[in-house]
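The values are calculated or read from the model by the stated rules, or taken from the named source; none is laboratory data. Computed from a predicted structure; not experimentally measured. Every residue, glycine among them, receives a Cβ derived from its backbone with ideal geometry; neighbour counts consider all protein chains shown. These area figures cover heavy atoms from the full protein model, side chains too; ligands, DNA and RNA do not enter into them. Shrake-Rupley method; radii C 1.70, N 1.55, O 1.52, S 1.80 Å.
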Amino acid sequence: MDRDSYHNCCSLVKIPRQSYDQFWSSHFVEYIDKEISYSTFFKKYLLPNHPCVFSRRFTEDWRCRKQWVTEEGKPNFQTLLQEFDETPVPVANCNAKEYNANPKLTMPFKEFIHYWKEYIQNGNSSPKGCLYLKDWHMARDFPEHNVYTTPVFFSSDWLNEYWNTIEVDDYRFVYMGPKGSWTPFHADVFRSYSWSANICGRKKWLLYPPGQEEFLKDTHGNLAYDVTAAELRDKGLFPQSDKACQPLEIIQEAGEIIFVPSGWHHQVYNLEDTISINHNWLNGCNIDIMWQFLQNELSAVQREIEEWRATMDSWHQHCQTIMKSCSGIDYGEFASFLKIIAENRIAFLSACSSANTDCPRHLSETLTALGSHHAAFDLQRVVHILECLICSEDFKRLDHSTLNLQPEVLVQKIRETIHSTRGQHLP
């Protein structure tokens, strides 16, 4: 991040996001074919929360683009089998519906490839249904492979930074599926950003700007499973569907990367045999959207079990427990998440003027590439969300003896760090 970008946004409390009307009328998404700076991407796409597509030139040096793909542009099953063979992988059945998703099972990688070959030979059909290898943590399971490099535009990634630090999980995935495989209508975890790169094959994306999903819910408040289904035209089932705008339709070619902003609901189809790499990620530009999502999730749980409020011991803690089981995180873990992000940047900024650092090497390299202004911006955003958390009545009701931080102390520590480093490397 350059100095001008930092000064323009470091004082923002509420990030201004322009209207999404332009996408309703023009159905135009910007295509990036030439080199652009990180600061340009930050100002034009991250902050305003607008989608874009990067051309294949941004992935042409990836090893997987060369080794996982045949000369004809198809998945190289032979190479893939040599690399992954008996590895257990998660596989979804696109022909089955379980709640609002496709049920998954785990099978050896070679079994999925055997199925895929037969599926192609049978004219894209199988008695087993249309199977789709998805949400596979390949980068976590095979860290030595290094088959791709995260583009710098997506490298300010608090979500995977946090999970790497506590060594529990990650949100970096590989998807492999035959022609006709698809993902039902949804928004990404925690309302995170996502980026998705096609290693081979083509995808069709249907994207709806934030807010449009409200028109695509049934009479029970459930989100549509398939936005192309005829039942959406039934006013008795989906009374507001006619108010929704037409989706933004994007055809993503081999090698291209699509940036999906926070809260943009989408449905995705593989138009050919396709392999893709996908990351979910968060940073200072959309952490406020995550915080709003968490508040909405907790409110929904509280409404659902309101009738037991007077009779249930620790009702508020039960709400947090249910919220975590549904969304994957509660207020206590969210506070820990912010603490780790802040401490990493405090260590980095402190190290900028000394030879020692407590920052892990890989993280230090990322923060160095983004620069000290970006680290300071991140800290400003953490302070804003921590102050919101401190004022939250639901957060106040938590048992703070179980938390591994004191938010007020961390806020003060961040402010002292920014003040002490200003003038050294934050002109």
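Dipole of the stretch 275-404 computed with +1 at Lys/Arg Cβ and -1 at Asp/Glu Cβ about the Cα centre; of Thr321, His279, Ser392, farthest Cα towards the positive end is His279. Here the Gaussian network model covers the chain, with springs between Cα atoms less than 10 Å apart; of Pro247, Pro239, Pro261, Pro239 fluctuates the most.
Within the straight-line cut-off of under 18 Å between alpha carbons, the lysines reachable from Lys243 are Lys217, Lys235, sequence neighbours fewer than 8 places apart in one chain being disregarded. Given a 10 angstrom Cα cut-off, can you work out which residue in Ile257, Ile166, Ile346 is the most mobile in a GNM of the chain? For the chain, modelled as a Gaussian network with Cα springs under 10 Å, the answer is Ile166.
For the pair Ala351 and Asp135, label points projected 7 Å from Cα toward Cβ lie 3.4 nm apart. Over all directions, the projected convex hull of the C-alpha atoms in the chain averages 22.9 nm² in area.
Shape class of the stretch 86-240 from the alpha-carbon gyration tensor: oblate, with a/c at 1.5 or above and b/c at least as large as a/b.
Take the Cα of Asp33, step 7 Å toward its Cβ, do the same at Lys235, and the gap between the two points is 4.6 nm. Among 209-221, 365-377, 323-335, sorting by the average number of other beta carbon atoms lying within 10 angstrom of each residue, highest first, gives 365-377, 323-335, 209-221. Annotation: per residue accessible area for the chain equals 46 Å², rounded to a whole number [probe 1.4 Å, protein chains only]. Around the Cα centre of the stretch 140-242, unit charges on the Cβ atoms of Lys, Arg, Asp and Glu (plus for the first two, minus for the last two) sum to a dipole of about 500 debye.
Each of the peptides 183-196, 146-159 was scored by the mean count of other Cβ atoms within 10 Å over its residues; in descending order, highest first, they stand as 183-196, 146-159.
Specify whether the C-alpha gyration tensor of the stretch 152-299 places it in the rounded, prolate or oblate class, a ≥ b ≥ c being the square roots of the eigenvalues: rounded for a/c under 1.5, otherwise prolate if a/b is larger than b/c and oblate if not. Cα axes put the stretch 152-299 in the oblate bin. Taken as Cα centroids, the stretch 187-224 and the stretch 50-126 sit 21 Å apart, rounded to the nearest whole angstrom. Net charge in the neighbourhood of Leu237 (other residues with Cβ under 12 Å of its Cβ; Lys, Arg +1, Asp, Glu -1) is 0. For the residue pairs Lys134/Lys413; Lys43/Lys204; Lys34/Lys104, alpha carbon separations beyond 32 Å are given by Lys134/Lys413; Lys34/Lys104. Sorting the segments 227-236, 171-180 by their residues' average number of neighbouring beta-carbon atoms within 10 angstrom, most packed first, yields 171-180, 227-236. Placing pseudo-labels 7 Å out from each Cα toward the beta carbon at Gln78 and Lys179 gives an inter-label distance of 2.3 nm.
Nothing charged except the Cβ atoms of Lys and Arg (+1) and of Asp and Glu (-1): what's the magnitude of the dipole of the chain about its Cα centre? Round to the nearest 20 debye. Mind showing how you got there, number by number?
Details: 41 positive and 55 negative charges, 137 e Å.
My answer is approximately 660 debye.
All Cα-Cα separations within the stretch 16-156 were binned at 10 Å from zero, giving a P(r) of 9, 27, 28, 27, 9, 0, each value a whole percent of the pairs.
Near Gln406, within a Cβ-to-Cβ distance under 14 Å, what is the net charge of the other residues, with Lys and Arg +1 and Asp and Glu -1? Please list the in-between numbers first.
Details: positive: Lys339, Lys396, Lys413; negative: Glu343, Glu387, Asp399, Glu408.
Local net charge: -1.
Shape call for the stretch 46-105 from the C-alpha gyration tensor, a ≥ b ≥ c root eigenvalues: rounded (a/c under 1.5), prolate (a/b greater than b/c) or oblate?
On the way: a/c = 2.47, a/b = 1.04, b/c = 2.37.
Taking the square roots of the gyration eigenvalues as a ≥ b ≥ c, the stretch 46-105 is oblate.
Sequence-distant contacts, meaning Cα pairs under 8 Å at least 6 residues apart, place the relative contact order of the chain at 18 percent.
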